[in-house]
Amino acid sequence: TVSPAGLAENTPTGRDTTWSVAAEGRTDVCKRTAPQFVMDSCTITERVSNCNWATCYSDVHFIKTILASLAEAGIPFDTHRIHLAGVSNGGMLSDYLQLQMPGTFASLTPWYGAYLLHYLDKGSQNSKLVNTSYFALHGALDQTIPIRGGDSQ
C-alpha cells in the first residue's frame, strides 16, 4: 500500500496539507467572489484567483512520479490493480486523476470529495471514466462540499 500525503504549505491559519486539482488560478470551477486563502506555491507560480484553496504544484506529476519510481525500483505491483481513494480534497484529487490519467486506476473511491464545476461538461471527459469502478461516499447534509454540487458555505 502506498499512501502519499498532499504537500503542506503555509496558510493564514497555519500549515495545511492539500492536493492540486487544477482549480488554482482559475475562475470557472468555483463560484467564490474571493479566494478562501492562497498557498505560497500559488503566489510563486502566479496562479491566484477566487478559486484558490489548495497547492499550485502539479500533483498529477507527483503521482506519475511515484508510479514510475516504484516500477524503476523493481517493486512488484500489478498495474491493472491500482486502486485510488481519497478523503475531501483527496477525493477531489481521485476524481481529477482519473480524468488526467485515464486507464491507470482500476477503481476510485472518493469520500466526500466532488468534481469541480464544469469538469464533466465536455463529452470527451466522460469517456475517460469508462472501465473504472467507482464508489463515492458522501453525506447528504454536507455544507462544505454539497452532494449535488453548487455553492458551499
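Can you give the net charge of the other residues whose Cβ lies under 13 Å from the Cβ of Ala106, counting K and R as +1 and D and E as -1? Kindly include the intermediate steps, with their values, before the conclusion.
Numbers: positive: Arg81; negative: Asp78.
Taking every other residue near Ala106 into account, the sum is 0.
Express the carbon and sulfur contribution to the solvent-accessible surface of the stretch 76-134 as a percent, rounded to the nearest whole number, probe 1.4 angstrom.
Working: 1740 of 3140 Å².
Of the solvent-accessible surface of the stretch 76-134, carbon and sulfur hold 55 percent.
Using a basic spin-label model with each label point 7 Å from the Cα along Cα→Cβ, how many nm lie between Ala136 and Ser58?
2.7 nm
Skip the ligands, DNA and RNA, and give the accessible area per residue of the chain with a 1.4 Å probe, whole Å². Mind showing how you got there, number by number?
Values: 8990 Å² over 153 residues.
In whole numbers, the chain has 59 Å² accessible per residue.
Just read off the accessible area of Arg47 with the full protein assembly in place, 1.4 Å probe, to the nearest 10 Å².
About 80 Å², rounded to the nearest 10.
Filter the GluC sites (Glu not before Pro) in the stretch 1-94 down to the DSSP loop ones having no more than 10 other Cβ atoms within 10 Å, then list what survives.
Numbers: sites: Glu9, Glu24, Glu46, Glu72; in loops: Glu24, Glu46.
For GluC sites (Glu not before Pro) across the stretch 1-94 that sit outside H, G, I, E and B with at most 10 neighbouring Cβ atoms in 10 Å, the list reads Glu46.
Return the Cα extents of the chain along principal axes one, two and three, sorted largest first, each rounded to a whole Å.
The Cα atoms of the chain stretch 46, 32, 28 Å along the principal axes, largest first.
Residue by residue, what Karplus-based ³J(HN,Hα) values in Hz, rounded to whole numbers, does the stretch 18-33 have, using 6.51, -1.76 and 1.60 with θ = phi - 60° and x for Gly and Pro?
So the J values, rounded to whole Hz, are 9, 10, 7, 10, 6, 8, 5, x, 10, 10, 8, 10, 8, 10, 6, 9.
What full-extension length gain, to one decimal in nm, is calculated for Ser3 and Trp111 as 0.36 nm per residue of separation minus the Cα-Cα distance?
Values: separation 108, 0.36 × 108 = 38.88 nm, distance 1.51 nm.
Length gained between Ser3 and Trp111: 37.4 nm.
Order Tyr134, Tyr115, most accessible first, counting only protein heavy atoms with a 1.4 angstrom probe. Don't jump to the answer; show the numbers that get you there.
Values: Tyr134 105, Tyr115 60 Å².
Descending accessible area places them as Tyr134, Tyr115.
Which chymotrypsin sites (Phe, Trp or Tyr not before Pro) in the stretch 77-114 pass both tests, a DSSP loop state and at most 13 other beta-carbon atoms within 10 Å?
Details: sites: Phe77, Tyr96, Phe105, Trp111, Tyr112; in loops: Phe77, Phe105, Tyr112.
Those satisfying the criteria are Phe77.
How large a share of the accessible area of the stretch 1-57, in percent, is made up of carbon and sulfur atoms when the probe is 1.4 Å and the other protein chains stay in place? Could the numbers behind the result be given before it?
Values: 1570 of 3160 Å².
C and S atoms contribute 49 percent here.
So what is the calculated 222 nm ellipticity per residue for the chain, using -39500 (n - 2.57) for each DSSP H run with n of 4 or more, over all residues, to the nearest 500 deg cm²/dmol? List each step's numbers first, then the result.
On the way: 4 runs with 35 residues, N = 153.
Roughly -6500 deg cm²/dmol at 222 nm, from the helical runs in the chain.
The values are calculated or read from the model by the stated rules, or taken from the named source; none is laboratory data. For clarity, every value in this text was computed on a predicted model and none was experimentally measured. All Cβ positions, glycine included, derive from the backbone under ideal geometry; neighbour counts span all protein chains shown. Accessible surface areas use protein heavy atoms only, side chains included; no ligands, DNA or RNA. Shrake-Rupley method; radii C 1.70, N 1.55, O 1.52, S 1.80 Å.
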